[in-house]
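Student: Take this structure, written in structure tokens, and hold onto it; I'll ask about it next.
The values are calculated or read from the model by the stated rules, or taken from the named source; none is laboratory data. Here the structure is a predicted model, which is why all the values come from computation and not from measurement. Ideal geometry is used to build each Cβ from the backbone, glycine not excepted, and the neighbour counts take in all protein chains shown.
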Amino acid sequence: MNYLEDGLTLRSWFTTTDHKRIAILYAAGITFFFFIGGFAAMLIRLQLLTPGGAIVSHETYNKLFTVHGVIMVWLFLIPSIPAVLGNFLIPLMIGAHDVAFPRLNLLSWYIYVTGGAIVLLALLLGGVDTGWTFYTPFSTMFSNTWVAITLAGVFVTGFSSILTGLNFIVTVHTLRTPGLGWFKLPLFVWALYATSVILVLATPVLAITIVLVIAERLFQIGVFDPAHGGDPLLFQHLFWFYSHPAVYIMVLPAMGVASEIIPCFARQRVFGYRLMAYAILAIASVGFLVWGHHMFVAGQSLAASMVFSALSFLVAVPSAIKVFNWTATLYKSSIRFDAPMLYALGFVGLFTIGGLTGLFLASLPLDVDLTDTYFVVAHFHYIMVGGSVMAYFGGLHFWWPKATGRMYPEVWGRLAAAFIFFGFNLTFFPQFILGMLGMPRRYATYPDRFQVLHVMSSAGAVALAVGYLLPFAYFAWSLRSGRAAGRNPFGATGLEWQTDSPPPTHNFDRPPPAPAGVYEYDPNAPQPAA
Amino acid sequence: MNADSYPIVDPRHANRGAGAPPEIGKLGMWVFLGTEVLFFGGLMLSYLYGRTHWPGGFAAAGRHTHVWIGTINTAVLLTSSALIALAGATSECMPMRRWTPRLLWLTALFGLGFLVLKGIEYDKEVHEQLFPQAGFALSETGAELFFWLYWLMTAIHALHLAIGVGAVSLFAWATGRQRRWADSHRIEVLALYWHFVDVVWIFLYPLLYLIDRHS
């Protein structure tokens with residue numbers, strides 16, 4: 001009996017401890033928030049169609065970009081690949097029956113839902129206008145919106161991240177099938193492992209920072225207020241100590257997805273597998289030491305800024321290793337451009353642009369000019385949307401047959417990938433130019449000369465929205481009418497493909513023997529026609 | 001290899017006691033404590049910031065904490081940690097196991113004693129106008145910040161300890177009733193948490209009570 005048929009009541013879903021069902025619960029949760037956050041983004045782009053602002057007041061505009069940021073970062077991106085694909089795949093990929101703490105896993109989802117509900121409550125009460133960064137003193141002394149409630153929601157959501165990370169770390173350490181050494185693990189597992197370490201070590205700092213901001217707002221404790229001996233820069237240090245590693249929480253899992261898809265459709269072993277694993281660890285560790293690059297113009301000392309700038313450049317080294325190795329994997333291989341591959345290749349290209357523009361921003365003299373402009377907005381959207389969301393959709397397509405037992409319609413899959421790639425670039429590339437021309441971020445209106453670029457960006461957002469809506473239509477269609485997938489429709493390596501699709505509740509009838517190697521694709525053997 | 005010799009324990013059962021690989025729970029607790037270190041780390045950083053910028057204010061404020069109560073409480077917590085370590089040791093072998101619930105009750109009692117003393121201390125401080133609000137007793141810049149951090153850090157520590165007292169009491173009750181899930185592995189995991197709360201206090205005690213007492 002497969003996991004989808006093992007209990008058909010709502011109760012069986014809401015009390016499940018099966019990692020695969022919990023992954024589906026997370027998928028439902030983050031999809032819900034993705035559409036709320038996306039709706040806010042569409043309103044933002046609508047507003048910016050005309051220089052004077054098309055639809056909403058300045059105050060509402062501030063609330064729109066705040067709710068977009070808060071929801072997309074904490075309620076969509078951070079749980080997206082880890083909590084959905086990670087939950088579903090890690091036990092399957094390491095040949096385990098479940099994660100180490102199945103009940104804790106379910107609890108994580110309930111905590112996530114509770115946190116999300118608190119954020120929604122703040123939204124319904126009237127929203128919050130501080131931006132997702134909650135900078136003091138605005139958030140603690142001046143904003144008259146629902147700062148404390150929103151922060152409470154983020155605080156609660158953080159515990160679901162921590163517990164998920166904890167679960168994954170213990171799972172990978174203790175539940176690998178006999179003989180499955182660390183260097184036989186798929187890079188997806190490596191990436192999720194490194195992500196989990198960041199989740200566990202960075203999220204608590206966000207939690208205590210939120211406690212301090214709420215205390216400061218409600219009782220004026222003064223820790224961020226110079227009038228009482230405190231310092232607003234202390235807030236920025238604490239906040240970015242979490243929020244910069246959080247970028248790697250969002251992008252490392254995406255790298256893991258790309259590292260599964262690319263070798264499969266290139267029929268070639270990942271180039272430099274060990275170096276890829278080490279690069280993941282290097283990004284995760286050095287990523288903890290670069291937070292000050294968010295504060296170059298905030299009054300940080302020049303010496304500190306130079307060190308943070310140099311360390312930020314250092315992160316580019318393992319990131320470049322990854323990009324080069326994905327490319328080298330493609331070299332002289334027989335590539336097939338199925339939908340997951342289109343997403344994965346899109347990810348590599350867009351991540352490269354996002355990463356290189358990150359180097360612009362890590363350079364002190366350029367950052368003084370570009371900080372707080374649309375250049376920054378475009379840069380991190382290339383990483384988070386062009387990178388993470390692209391890879392998330394690639395992963396959804398790649399493992400959809402495994403999770404549901406049905407194939408998605410290939411032509412539609414490719415069409416949606418093309419829409420997303422085209423729409424994304426049309427939305428965000430003009431924003432690089434806007435930033436270079438001096439358009440600051442977070443403004444509800446702008447001078448007339450920027451209108452052409454803003455209209456291009458808004459038009460791109462429409463194409464992007466179509467690209468995101470299409471998969472939901474054809475995925476739903478495929479549940480009933482999709483072709484039966486079989487165990488391994490793409491001829492992929494990896495233990496998850498050796499069990500049925502959809503997998504049985506306990507994943508494997510008998511313990512899967514550890515494979516001799518990892519990504520052992522035979523370039524001469526033809527791929528099954530999908 | 002056949003399925004019967006499958007060395008990986010099904011986690012569905014692993015979580016319910018018998019036969020669980022002990023490292024699962026222990027590793028989980030260690031990872032959680034890693035999270036906790038960073039959680040308290042944010043407060044420590046704020047303290048470090050304040051003391052670096054306002055050494056005079058922090059020293060003056062530090063002299064107003066009740067060092068005797070703090071010292072006795074340190075002794076109380078250290079003793080409780082020894083007791084829970086003994087409880088863990090006795091739970092491992094049968095003839096000693098009858099001592100486990102008693103030692104756990106005693107651990108919880110010491111934890112509770114700490115909280116009571118802390119409450120008395122809080123009460124004294126409120127009467128001495130050391131809760132930072134209108135009419136705060138000290139005028140040095142930074143003293144107010146010191147006491148906000150003092151209240152915040154000790155309150156969050158006390159919250160952790162209260163959770164610990166609850167969990168230890170639960171285990172004391174369960175080991176007394178010889179519930180199978182309250183085995184020595186779980187007691188060890190619980191003890192890790194308890195020791196951690198103790199260690200946090202070992203850091204708070206000098207930071208809050210002992211700076212500048214020598215002069």
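Student: Take residue B:84 and decide whether it is buried (at least 19 other Cβ atoms within 10 Å of the Cβ), more than 30 Å from residue B:53 (Cα to Cα) and of a type in the set (A, V, I, L, M, F, W, C).
Tutor: Against the criterion (buried (at least 19 other Cβ atoms within 10 Å of the Cβ), more than 30 Å from residue B:53 (Cα to Cα) and of a type in the set (A, V, I, L, M, F, W, C)), residue B:84 qualifies.
Student: Looking at the structure I just gave you, is residue A:444 touching a His at 6+ places or on another chain (Cβ under 9 Å) and either within 14 Å of another protein chain (Cβ to nearest Cβ) or buried (at least 17 other Cβ atoms within 10 Å of the Cβ) (or both)?
Tutor: yes
Student: Still on this structure: Inside segment B:132-167, can you point out the residues that are more than 9 Å from every other protein chain (Cβ to nearest Cβ) and outside any helix (DSSP H, G or I)?
Tutor: B:134, B:135, B:136, B:137, B:138, B:139, B:140
Student: Would you mention how many residues in segment B:168-191 are among the aliphatic types (A, V, I, L, M), away from chain A (no Cβ under 14 Å), assigned to a helix (DSSP H, G or I) and buried (at least 18 other Cβ atoms within 10 Å of the Cβ)?
Tutor: Total satisfying the criteria: 6.
Okay, residues lined up against (1) surrounded by 16 or more Cβ atoms within 10 Å (Cβ to Cβ); (2) charged (D, E, K, R):
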{"position": "A:450", "(1), (2)": "yes, no"}
{"position": "A:461", "(1), (2)": "yes, no"}
{"position": "A:465", "(1), (2)": "yes, no"}
{"position": "A:472", "(1), (2)": "no, no"}
{"position": "A:483", "(1), (2)": "no, yes"}
{"position": "A:489", "(1), (2)": "yes, no"}
{"position": "A:493", "(1), (2)": "yes, no"}
{"position": "A:497", "(1), (2)": "yes, no"}
{"position": "A:508", "(1), (2)": "yes, no"}
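Student: Taking segment A:483-505, which residues are out of contact with any Phe, Trp or Tyr (no Cβ under 9 Å at 6 or more places or on another chain) and more than 19 Å from residue A:339 (Cβ to Cβ)?
Tutor: A:500
Student: Tell me, yes or no, whether segment A:162-177 has at least one residue that is surrounded by fewer than 24 Cβ atoms within 10 Å (Cβ to Cβ), facing chain B (nearest Cβ under 10 Å), hydroxyl-bearing (Ser, Thr, Tyr) and part of a loop (DSSP other than H, G, I, E, B).
Tutor: yes
Student: OK, next. Going through segment A:170-189 one residue at a time, which ones are over 16 Å from the mean Cα position of the chain (by Cα) and aromatic (Phe, Trp, Tyr)?
Tutor: A:182, A:183, listed by residue number.
Student: When residue A:151 is evaluated against the numbered criteria (1) in contact with a helix residue (DSSP H, G or I) (Cβ under 7 Å, 6 or more places away or on another chain); (2) crowded, with 19+ Cβ neighbours inside 10 Å; (3) not in a helix (DSSP H, G or I), which criterion, by number, is the only one it fails?
Tutor: (3)
Student: Shifting gears a bit: Check residue B:46 against each of (1) of a type outside the set (Phe, Trp, Tyr); (2) crowded, with 17+ Cβ neighbours inside 10 Å; (3) over 18 Å from residue B:122 (Cβ atoms); (4) more than 7 Å from every other protein chain (Cβ to nearest Cβ) and name the one condition it does not meet.
Tutor: Condition not satisfied by residue B:46: (4).
Student: Oh, and also: Which of the helices (runs of 4 or more DSSP H) found entirely inside segment A:357-467 contain at least 1 residues meeting this: under 30 Å from residue A:302 (Cα atoms) and free of Cβ contacts under 8 Å to residues at least 12 places away in the same chain?
Tutor: A:364-370
Student: Going through A:349, A:299, A:354 one at a time, which residue ends up being on the phi > 0 side of the Ramachandran plot and either modelled with pLDDT under 95 or part of a helix (DSSP H, G or I) (or both)? Even if it seems obvious, please write down each step before you answer.
Tutor: On the way: A:349 fails: on the phi > 0 side of the Ramachandran plot; A:354 fails: on the phi > 0 side of the Ramachandran plot.
From the options A:349, A:299, A:354, the qualifying one is A:299.
Student: What single numbered condition from (1) surrounded by fewer than 24 Cβ atoms within 10 Å (Cβ to Cβ); (2) closer than 16 Å to residue A:113 by Cβ fails to hold for residue A:38?
Tutor: It is condition (2) that residue A:38 fails.
Student: Tell me, which residue of segment A:510-528 that is touching a helix residue (DSSP H, G or I) at 6+ places or on another chain (Cβ under 9 Å) and within 17 Å of residue A:399 (Cα to Cα) is surrounded by the fewest Cβ atoms within 10 Å (Cβ to Cβ)?
Tutor: A:527
Student: May I pose another question? Applying the selection to segment A:319-335, what residues are of a type in the set (Lys, Arg) and surrounded by 15 or more Cβ atoms within 10 Å (Cβ to Cβ)? Quick ask: steps written out before the conclusion?
Tutor: Step one: of segment A:319-335, the residues of a type in the set (Lys, Arg) are A:322, A:332.
Result: A:322, single match.
Student: Another one. Looking at segment B:200-214, can you tell me whether even one residue there is under 11 Å from the mean Cα position of the chain (by Cα), within 25 Å of residue B:28 (Cα to Cα) and either among the hydroxyl-bearing types (Ser, Thr, Tyr) or outside any helix (DSSP H, G or I) (or both)?
Tutor: Looking through segment B:200-214, none of the residues is under 11 Å from the mean Cα position of the chain (by Cα), within 25 Å of residue B:28 (Cα to Cα) and either among the hydroxyl-bearing types (Ser, Thr, Tyr) or outside any helix (DSSP H, G or I) (or both).
Student: Still on this structure, please answer the following. Condition check: within 18 Å of residue A:3 (Cβ to Cβ) and not β-branched (Val, Ile, Thr). Does residue A:472 satisfy that?
Tutor: no
Student: Follow-up. Could you tell me which numbered condition residue B:62 fails, if it satisfies all but one of (1) more than 11 Å from chain A (Cβ to nearest Cβ); (2) buried (at least 17 other Cβ atoms within 10 Å of the Cβ); (3) out of contact with any Gly (no Cβ under 9 Å at 6 or more places or on another chain); (4) modelled with pLDDT of 95 or more?
Tutor: Failing condition for residue B:62: (4).
Student: Listed residues A:67, A:84, A:119, A:99; which is part of a loop (DSSP other than H, G, I, E, B), buried (at least 23 other Cβ atoms within 10 Å of the Cβ) and out of contact with any Asp or Glu (no Cβ under 7 Å at 6 or more places or on another chain)?
Tutor: Only one candidate qualifies: A:99.
Student: Looking at A:208, A:261, which one is of a type in the set (A, V, I, L, M, F, W, C) and in contact (Cβ under 8 Å) with a residue 60 or more places away in the chain?
Tutor: A:261
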